[in-house]
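The values are calculated or read from the model by the stated rules, or taken from the named source; none is laboratory data. Because the structure is predicted, anything quoted here is derived from the model rather than measured. Methodologically, a virtual Cβ is constructed for each residue, glycine included, from the backbone with ideal geometry; neighbour enumeration extends over all protein chains shown.
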């Protein structure tokens, strides 16, 4: 065996590792929904999630996080398989939930993805807007009949046997 070949193996291993990390980063930034983490966080707090959405202009006024600027400059831009991205990216989501007592809660989620690191999730509680409070009052959590077809349901039914409506 040639000694030059031994120096070539770590170089190939490094290229494979960087390729693997690039695929993971693209998956975490563009294709992963983080629903599993959101629902497990809500379960630990004793809440039921009613909606997960992106913040709009009104939401940022009462945000616990600083609103990111529309234009950002970075020293390092990476072209990963046609996706031009930066070293670190932050994304924000709103989690609307209802407590067991029927009180509306709002949580902000900051998702920070960095090359070669695991995604970092930060949850912070925010203030619920008045129009969202009205919508929460219309949410039905416990019912004995299907709201769509009025079919009588059992407590363990997750779908209506008559019309196929799914319940969360």
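Determine, yes or no, whether residue 89 is more than 20 Å from residue 120 (Cα to Cα) and either surrounded by 15 or more Cβ atoms within 10 Å (Cβ to Cβ) or over 16 Å from the mean Cα position of the chain (by Cα) (or both). Steps first, please.
Values: more than 20 Å from residue 120 (Cα to Cα): no; either surrounded by 15 or more Cβ atoms within 10 Å (Cβ to Cβ) or over 16 Å from the mean Cα position of the chain (by Cα) (or both): yes.
When the stated conditions are applied, residue 89 does not pass them.
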Any residue in region 37-60 that's outside the structural domain of residue 111 (by TED's automatic domain parsing): show its pairings with residues that are in a strand (DSSP E or B) at Cβ separation under 8 Å, as long as the two are six or more apart or on different chains.
none
When residue 7 is run through (1) under 16 Å from residue 113 (Cα atoms); (2) outside any loop (DSSP other than H, G, I, E, B); (3) modelled with pLDDT under 90, the failure sits at (1)
Scan region 70-88 and tell me whether some residue there is more than 21 Å from residue 26 (Cα to Cα) and modelled with pLDDT of 90 or more.
no
